[in-house]
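Accompanying notes for the structure given below.
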Amino acid sequence: MAILDLLFPRVCPVCGRLLLRRERYLCLSCLADLPFSFFWSWPNNPAEVCFWGRLHIERAASLLIYREESPYRKILHAFKYNGCKGLGRHMGEMLAKRLLESGLYNDIDVIVPVPLHPLKRWKRGYNQATIIAEALSKAMGRPVEERVLRRKKFTSTQTKKDSIGRWDNVAEAFSIKNGSKFTGRHVLLVDDVLTTGATLEACGQHILKQEGCRLSIVTLAYVE
Ligand SMILES: [Zn+2]
């Protein structure tokens, strides 16, 4: 283990400091200062308000809250683009613990990650939302369902589009197959980050078309 640390030094993704042997994923100081949102036990929290008038949801929560320029954004960056799956799983476990403690997410039936286009998934090697969903599933004892909600369109980089173009782009990107699997179920839709909410809204619209289906949403981060 010590030799591995010398050959492949592990660093804290937030501050860039070398990790000590007892530190996992984050240094103790960044871990102690994690900007928790407390949305999980806060009805009408900003994540829920984000969907008002757009999507009929039961509840929404994020683990962390920060501004776009915060160094804590680097956690998701490391997880999403640098292959740090263990870090993502660890954050997913933190989120699961808080959802369970709040008691507000006990009636979830099935956990659904926001899908990646198969080509993107192949290039990245994994879907980051699935890793979070699997951590939630393990802790909450509910299954992950990945084959019903599908991404059919390879969306181009969204940041270069205006907001209307962006919505058209994302709204048509998803489809549902064998939607009866969601009939009468409370679906927990999962993604890594909530910013504009456009992707989650597009997915949620499809899910809520299934009869008697209810929807809640969780993400690792909420960006102000
Ligand atoms: Zn640090």
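General observations
- Elements of type helices (runs of 4 or more DSSP H) in the range 1-106, at least 3 residues being modelled with pLDDT of 95 or more: 28-32, 46-49, 73-81, 85-102
- Residue check, PRO71 within 16 Å of the ligand (Cβ to nearest atom) and either farther than 23 Å from GLY103 by Cβ or in the same structural domain as CYS213 (by TED's automatic domain parsing) (or both): yes
- Matching residues in the range 32-42 - criterion: being of a type outside the set (A, V, I, L, M, F, W, C) and touching a residue at least 24 places away in the same chain (Cβ under 8 Å): PRO35, SER37, SER41
- The numbered conditions (1) farther than 25 Å from PHE182 by Cα; (2) touching a residue at least 60 places away in the same chain (Cβ under 8 Å) are all true for TYR81 except (2).
- Per the listing GLY83, GLY53, the residue uniquely loosely packed, with under 13 Cβ neighbours inside 10 Å, more than 12 Å from the ligand (Cβ to nearest atom) and in the same structural domain as GLU201 (by TED's automatic domain parsing) is GLY53.
- Residue pairs whose Cβ atoms lie under 7 Å apart, sitting 6 or more positions apart in sequence or on different chains, and linking a residue in the range 13-24 that is in the same structural domain as ALA78 (by TED's automatic domain parsing) to a partner that is within 8 Å of the ligand (Cβ to nearest atom), do not occur here.
- Filter result for TYR126 (modelled with pLDDT of 95 or more, touching a Leu at 6+ places or on another chain (Cβ under 8 Å) and in a loop (DSSP other than H, G, I, E, B)): no
- Filter result for THR155 (at pLDDT below 80 and either farther than 23 Å from ARG59 by Cα or among the polar types (S, T, N, Q) (or both)): yes
- Residues in the range 109-125 that are surrounded by 14 or more Cβ atoms within 10 Å (Cβ to Cβ) and either under 20 Å from VAL193 (Cα atoms) or outside the structural domain of CYS203 (by TED's automatic domain parsing) (or both): VAL110, ILE111, VAL112, PRO113, VAL114, PRO115, LEU116, HIS117, ARG121.
- The residues of the range 178-194 that are more than 22 Å from the chain's Cα centre (by Cα) and either surrounded by 24 or more Cβ atoms within 10 Å (Cβ to Cβ) or not in a loop (DSSP other than H, G, I, E, B) (or both) amount to a single one, SER180.
- Filter pass, ALA47 being more than 9 Å from the ligand (Cβ to nearest atom) and touching a Phe, Trp or Tyr at 6+ places or on another chain (Cβ under 6 Å): yes
- All positions within the range 38-67 that are out of contact with any Lys or Arg (no Cβ under 6 Å at 6 or more places or on another chain) and aromatic (Phe, Trp, Tyr): PHE38, PHE39, TRP42, PHE51, TRP52, TYR66
- Members of the range 195-222 that are aliphatic (A, V, I, L, M) and under 12 Å from the mean Cα position of the chain (by Cα): LEU200, ILE217, VAL218, LEU220, ALA221
The values are calculated or read from the model by the stated rules, or taken from the named source; none is laboratory data. Computed from a prediction, not measured in an experiment: that's the story for all the values here. Every residue, glycine among them, receives a Cβ derived from its backbone with ideal geometry; neighbour counts consider all protein chains shown.
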